[in-house]
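The values are calculated or read from the model by the stated rules, or taken from the named source; none is laboratory data. If you're wondering where the values come from, they're calculated on a predicted model, not measured in any experiment. Using ideal geometry, Cβ is built from the backbone for each residue, glycine included, and neighbour counts are taken over all protein chains shown. Note: areas computed on protein heavy atoms with side chains; ligands, DNA, RNA excluded. Shrake-Rupley method; radii C 1.70, N 1.55, O 1.52, S 1.80 Å.
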Amino acid sequence: MSDMSYESVMSRKAQIMRASIGIEYDKYELEGIGFDYEGLMSDTAYPMEEITAIQRETGVGNTPLVELKNITRLVREISEPGKGARIFLKDEAANPSGSFKDRRASVSVARAKELGYRGVIAATSGNYGAAVASQAMKRGLKCIVIQECYDRTGTGQPEILEKARACEAYGAEVAQLSVGPELFYYFLLLLEETGYFNASLYTPFAIAGIESLGFEIAQQSRRVIGKDPNFVLATHAGGGNLTGTARGLIKAGAEKTSVIGASVDLSGLHMASDRDFNRKSFTTGHTGFGIPFAVFPDRSDVPRNAARPLRYMDRYLLVKQGEVFYVTEMLARLEGLQRGPAGNTSLTAAIALARELPEDSTIVVQETEYTGAGKAPSAQLTFARKNGVKVVRGDPLTHDVPGKVIAIPENPSQIKYTELGLDRLRESYIRELIKRQIVPSEKDLDYLAREIKLTRDEAARLLKEVSR
Amino acid sequence: MMARRGQWVQIHSILLKAGERAPSVPSDTADVPLELRVRGFLQDGSASIGQVVRILTAAGRLVEGALEIIEPRHVHDFGDYVPELSQAGDELTIWLAGGDENE
Ligand SMILES: Cc1ncc(COP(=O)(O)O)c(C=O)c1O
C-alpha cells in the first residue's frame, strides 16, 4: 500500500497522470516555456469525421439552431433605429445528458474504451459529470464523479446536488467533497486505487469533442441564415467551451466569425473559501474560473491543458448575476424555452451586444443546458436568500454585489455588459508565468504570440512592458 | 434508526484534518477538515447512525466511513416563490401580448 498523505500523493502526480491518460505529454514540450499545441492536438485527438462518427454512436450533437425572434424584436424596440442583431441559439440541451458537455465526454469515454480501461473518473461539480456518467454507461464502463459540493455545515449548492442526482441516475458513483482545491489529491488517490481513465475536461480528446459544436454552427448558419454568423458567444469558465467551438469554426472555414467569451462577474468572492462557497449563485460560467483559466490554462488536472481560450477569444464580456436570472426568465416567457443557467450567461451578453449592431448582423449563442430542480432561477435565488444574499429589483450596474446583492433588472434596457480588455488578460498571462518562475525570453516569442493572440512584435512589446 | 445490510446509505469521513490542508487555501477553509460523503450499499450486518461501516459504491469500490443517512433523499428543489422574478416574467408576458407595460 503506498503512502496516502497529501504530500506523498501529490509527489506521485506525474506517474499517476501518465498511467491514467495514455499521452506522453513530455514529447510535445519545446525548448523554453512552450509546447507544441497543434502537434499534441493532431497526434492524440481525432479528425472531425471521426469525432462526428463517435458522437453519432451515442446520440451526441446535431442539435437545433433556433432563432430567438421575440427576443430579437424586444432588443430592436429598445435600440436605436436600424440596430438590433438577429439572435440565434444552439440548443445543446438536446444532447443526451442535457448540455454540450456530452460532446466532450463522448470522445473521452470512447478513447478510454479503445485503450482498454475498465472505468473513467472525472473531477467536476458541473454538467460534465452527468455527461461522463451517461457516456460511460452507454459504453459499458464504470464511472466515478468527484464533486466539490458542501460547505463546512454540510450544506450543498443546489445545482451541484442536482448534478449528483443526475450522475447517480445514470449509474455512476459520486464522491462529494467539502470546499477546497485538495479535491485534486483525492482525484489522484482514486485514479491510483482504481486504475481508471482520467476523463479530464482538458485533454485533447475532450476539446476535440467540442470542435463539432463550432463546426455544426458554421454549417447550420450557412443553411439557416445564408452566411457565417458575425459573432459566436460562448459562456466561458475553464475555457474548453470557447476553445473547442472556435477551433471547430475555423475547421469549417468560418474564419471571419468573431468569437466572444462571456462570464458572470463574481469578483470579490474567493473560489477556495468555505464561507464564500454557498454565496455563489452560479457554479460555472463565472469570472472565478474564467479569468484564472484564461491567464494560466496549465492549472488544470492534466500536464498541458488543451483548452487555451486566449488563443481564440476576440472579446471578453462580463454580465451581472441578476441579469442572467432575468434573461433566463425572458427565455421562458418570450421564447417558450426553459433552459439552465450557464448558456444564459452568453445570451445575456448577446442581448446587450445586439443593441449596438446593425439589424442585418447575426449572433449565435452557442449553447443551452437542461434545467430543473436546483438549477431553476427560483431554486438559486431562494438559496441565495437563505445564505444572506439580498435579492432586489434594481439596475444591476449600480446594485449588484457578488455574494451580497442580486439585482434583477427593472426593464430589458438595464441588460448591459462590461468589457474586460484582452490586453489586461494578456498582461496577466505573462505575470502568471513569471510568478511561477516560467520566464519567457526572446526564443519563446513565437509561442507566446500564439498563446495570447498577438503578432510576434506585439508580444515582444508587451513582454518588455510587463517585465519592466 | 438502524440500517440493514444491503440498504442504500450515505457515509461520511474526513480526508484531511484541519491542520493538514493545502498551504494555499484561505484560512476559513484551512480551519475545517476536508470531508467526503459517498453513497452505496451497506456491507455490514446492521449499523446505527455514526457507526463506522463499509459500503459498496456504484463503481464497485468498498469505502469505509461513518454512517450518516439511511436511504438519503435528494433534497434540492425549485425553491420558494420569488416575487421579483415572477413580476419580471409577467412584465415580459405583457409586452409580448402587446401591452404598454414595457419600459
Ligand atoms: C452548460 C455549460 N456551459 C458552459 C460551461 C463553461 O465551459 P468551460 O468550462 O469549458 O469554459 C460549462 C462548464 O463549466 C457548462 O456546464
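Could you say whether any residue in segment A:343-360 is within 11 Å of the ligand (Cβ to nearest atom), more than 20 Å from A:ALA218 (Cβ to Cβ) and either of a type in the set (A, V, I, L, M) or within 14 Å of another protein chain (Cβ to nearest Cβ) (or both)?
Scanning segment A:343-360, I find at least one residue that is within 11 Å of the ligand (Cβ to nearest atom), more than 20 Å from A:ALA218 (Cβ to Cβ) and either of a type in the set (A, V, I, L, M) or within 14 Å of another protein chain (Cβ to nearest Cβ) (or both), so the answer is yes.
Each row is one residue, and each column tells you yes or no for (1) modelled with pLDDT under 95; (2) surrounded by 20 or more Cβ atoms within 10 Å (Cβ to Cβ); (3) within 14 Å of the ligand (Cβ to nearest atom).
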| position | (1), (2), (3) |
| --- | --- |
| A:GLY340 | yes, yes, yes |
| A:THR362 | no, yes, no |
| A:GLU367 | no, yes, yes |
| A:LYS375 | no, yes, yes |
| A:ALA379 | no, yes, no |
| A:VAL391 | no, yes, no |
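Could you check, for segment A:25-36, whether at least one of its residues is outside the structural domain of A:ASN305 (by TED's automatic domain parsing), within 24 Å of the chain's Cα centre (by Cα), part of a loop (DSSP other than H, G, I, E, B) and of a type outside the set (Val, Ile, Thr)?
The answer is yes, given that some residue of segment A:25-36 is outside the structural domain of A:ASN305 (by TED's automatic domain parsing), within 24 Å of the chain's Cα centre (by Cα), part of a loop (DSSP other than H, G, I, E, B) and of a type outside the set (Val, Ile, Thr).
Tell me which residues, restricted to segment B:13-44, are at the interface with chain A (Cβ under 10 Å from one of its Cβ atoms) and in a helix (DSSP H, G or I).
B:GLU20, B:SER27, B:ASP28, B:THR29, B:ALA30
Considering only residues that are more than 17 Å from A:THR284 (Cα to Cα), aliphatic (A, V, I, L, M) and facing chain B (nearest Cβ under 7 Å), which ones fall in segment A:144-173?
A:ILE144, A:ALA172
Which members of segment A:74-97 meet the condition of being open to solvent by less than 10 Å² (accessible area, probe 1.4 Å) and within 20 Å of A:GLN220 (Cβ to Cβ)?
A:ALA85, A:ILE87, A:PHE88, A:LEU89, A:LYS90, A:GLU92, A:ASN95
Quick one: would you say A:GLU173 is open to solvent by less than 10 Å² (accessible area, probe 1.4 Å) and in the same structural domain as A:ARG339 (by TED's automatic domain parsing)?
Working: open to solvent by less than 10 Å² (accessible area, probe 1.4 Å): yes; in the same structural domain as A:ARG339 (by TED's automatic domain parsing): no.
No, not satisfied.
Suppose we filter segment A:105-139 for residues that are within 12 Å of the ligand (Cβ to nearest atom), open to solvent by 10 Å² or more (accessible area, probe 1.4 Å) and more than 14 Å from chain B (Cβ to nearest Cβ); how many remain?
So the answer is 3.
Please count how many residues of segment A:283-300 are more than 14 Å from chain B (Cβ to nearest Cβ), surrounded by fewer than 23 Cβ atoms within 10 Å (Cβ to Cβ) and within 13 Å of the ligand (Cβ to nearest atom).
Total meeting the criteria: 3.
Here is a yes/no grid of residues against (1) open to solvent by 40 Å² or more (accessible area, probe 1.4 Å); (2) acidic (Asp, Glu):
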position	(1), (2)
A:THR398	yes, no
A:GLN414	no, no
A:GLU419	yes, yes
A:LEU425	no, no
A:TYR429	no, no
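If you go through segment A:218-243 one residue at a time, how many are touching a Pro at 6+ places or on another chain (Cβ under 7 Å), outside any loop (DSSP other than H, G, I, E, B) and not polar (S, T, N, Q)?
Qualifying residue count, segment A:218-243: 1.
Restricting attention to segment A:214-234, and to residues there that are more than 15 Å from A:ALA306 (Cβ to Cβ) and open to solvent by less than 10 Å² (accessible area, probe 1.4 Å), which single residue is nearest to the ligand (Cβ to nearest atom)?
Quick first cut of segment A:214-234, residues more than 15 Å from A:ALA306 (Cβ to Cβ) only: A:215-234.
When the remaining residues are screened for being open to solvent by less than 10 Å² (accessible area, probe 1.4 Å), the result is A:217-218, A:221, A:229, A:232-234.
Working: A:ILE217: 15, A:ALA218: 19, A:SER221: 20, A:PRO229: 18, A:VAL232: 13, A:LEU233: 11, A:ALA234: 7 Å.
Per the criteria, the residue is A:ALA234.
For segment A:196-203, check the following and say yes or no: at least one residue is within 11 Å of the ligand (Cβ to nearest atom), within 30 Å of A:ASP3 (Cα to Cα) and under 20 Å from the mean Cα position of the chain (by Cα).
Checked segment A:196-203: at least one residue is within 11 Å of the ligand (Cβ to nearest atom), within 30 Å of A:ASP3 (Cα to Cα) and under 20 Å from the mean Cα position of the chain (by Cα).
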